[in-house]
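Visitor: This structure is in structure tokens; I'll ask about it shortly.
The values are calculated or read from the model by the stated rules, or taken from the named source; none is laboratory data. None of the values given here were measured: they were computed from a predicted structure. For neighbour counting, all protein chains shown are included, and Cβ atoms are generated from backbone atoms with ideal geometry for every residue, glycine included. Accessible surface is based on the protein model in full, side chains and every heavy atom, while ligands, DNA and RNA are left aside. Shrake-Rupley method; radii C 1.70, N 1.55, O 1.52, S 1.80 Å.
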Amino acid sequence: MSTSDEDYLKPGGSALASDLAYVRSLAEEGRDAPLVGGVYYVIWGGLMAAASLCAYLILTGVAPIRGVPVIAPWIVAGLIGWCACLLMRRITGPKPGALTMGNRTAQAVWFSVGIFVTAFWVGLMIVHDDFTQYGVPRYFLFSLMFPISFGVYGVAFYATATAARLSWLKGFALLSWGFSVAALFLMTSNYQFLLGAAGCFLCAGLPGLLLMRQEPKDIV
């Protein structure tokens with residue numbers, strides 16, 4: 001065994017200490033790695049805001065989309081959103097820090113939010129007119145979408161902020177809950193769609209843009 005090997009194996013050896021310091025620095029960098037999913041927030045925030053605005057224009061009879069089924073923009077936005085997210089996985093997956101606990105937690109929690117919101121909307125498509133005998137208008141249950149969606153947005157933001165050590169995201173959790181409560185007061189009004197459009201941009205699109213500015217640019 002050479003002298004350099006003996007120095008490496010000693011508890012206080014400079015080589016071993018250097019390697020341990022390097023491993024520790026990697027762990028620290030991984031723990032504080034930025035989130036790399038900002039583009040998903042922008043995609044869904046933009047699409048849902050546009051769909052909500054289109055729904056408002058349809059319901060208020062504004063040309064040139066007068067007569068278009070109010071459900072159409074939501075179907076289009078949903079299909080584009082899921083397809084775009086599947087394509088973007090090839091881009092965000094190899095980014096530095098994508099496999100850290102913060103990024104994995106954010107990906108899991110927001111994916112589950114997307115599944116729940118989509119499933120709830122499909123469920124409403126099936127049961128929305130099953131309660132007319134109790135005096136509930138046929139499409140009234142759809143007005144629950146914004147209060148519930150913004151509510152789960154807030155939960156997802158809070159979990160993401162904790163896992164990724166980004167305390168400023170908790171502000172968007174509070175903002176989402178604020179939009180959730182506000183949407184309850186507009187459940188019988190077309191203005192709920194304007195509120196929803198603003199909320200989708202401010203509670204999804206805006207934080208997505210902020211996250212994208214902090215993302216690493218290099219692909220590994």
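Visitor: What's the total number of residues in region 167-208 that are part of a helix (DSSP H, G or I), surrounded by fewer than 16 Cβ atoms within 10 Å (Cβ to Cβ) and either over 16 Å from the mean Cα position of the chain (by Cα) or not small (G, A, S) (or both)?
Guide: Kept after step one, since they are part of a helix (DSSP H, G or I), are these residues of region 167-208: 169-184, 191-208.
If we keep only those that are surrounded by fewer than 16 Cβ atoms within 10 Å (Cβ to Cβ) too, we end up with 170-171, 174, 178, 181, 184, 191, 198.
In the following step, the residues that additionally are either over 16 Å from the mean Cα position of the chain (by Cα) or not small (G, A, S) (or both) were identified as 170, 174, 178, 181, 184, 191.
Number of matching residues: 6.
Visitor: I'd like the residue in region 126-140 that is free of Cβ contacts under 8 Å to residues at least 12 places away in the same chain and part of a helix (DSSP H, G or I) and, out of all such residues, is most open to solvent (accessible area, probe 1.4 Å).
Guide: Just the residues of region 126-140 that are free of Cβ contacts under 8 Å to residues at least 12 places away in the same chain, to begin with: 126, 129-139.
With part of a helix (DSSP H, G or I) added as a condition, the list becomes 126, 132-134.
Working: I126: 118, T132: 70, Q133: 140, Y134: 166 Å².
Going through the qualifying residues, I end up with Y134.
Visitor: Do you know which residues across region 69-100 are over 17 Å from M125 (Cβ atoms), open to solvent by 60 Å² or more (accessible area, probe 1.4 Å) and modelled with pLDDT of 80 or more?
Guide: Matches in region 69-100: I80, C83, L86, L87.
Visitor: Does region 28-41 contain any residue that is modelled with pLDDT under 80, outside any loop (DSSP other than H, G, I, E, B), surrounded by fewer than 12 Cβ atoms within 10 Å (Cβ to Cβ) and over 22 Å from the mean Cα position of the chain (by Cα)?
Guide: Yes, the conditions are met somewhere in region 28-41.
Visitor: Now for a different question. Which of the residues belonging to region 141-150 are open to solvent by 20 Å² or more (accessible area, probe 1.4 Å), out of contact with any Gly (no Cβ under 9 Å at 6 or more places or on another chain) and not aromatic (F, W, Y)?
Guide: L141, L144, I148
Visitor: Here are the criteria: (1) open to solvent by 60 Å² or more (accessible area, probe 1.4 Å); (2) touching a helix residue (DSSP H, G or I) at 6+ places or on another chain (Cβ under 6 Å); (3) of a type outside the set (S, T, Y); (4) modelled with pLDDT under 90. Tell me which single one A163 does not satisfy.
Guide: Against the list (1) open to solvent by 60 Å² or more (accessible area, probe 1.4 Å); (2) touching a helix residue (DSSP H, G or I) at 6+ places or on another chain (Cβ under 6 Å); (3) of a type outside the set (S, T, Y); (4) modelled with pLDDT under 90, A163 comes up short only on (1).
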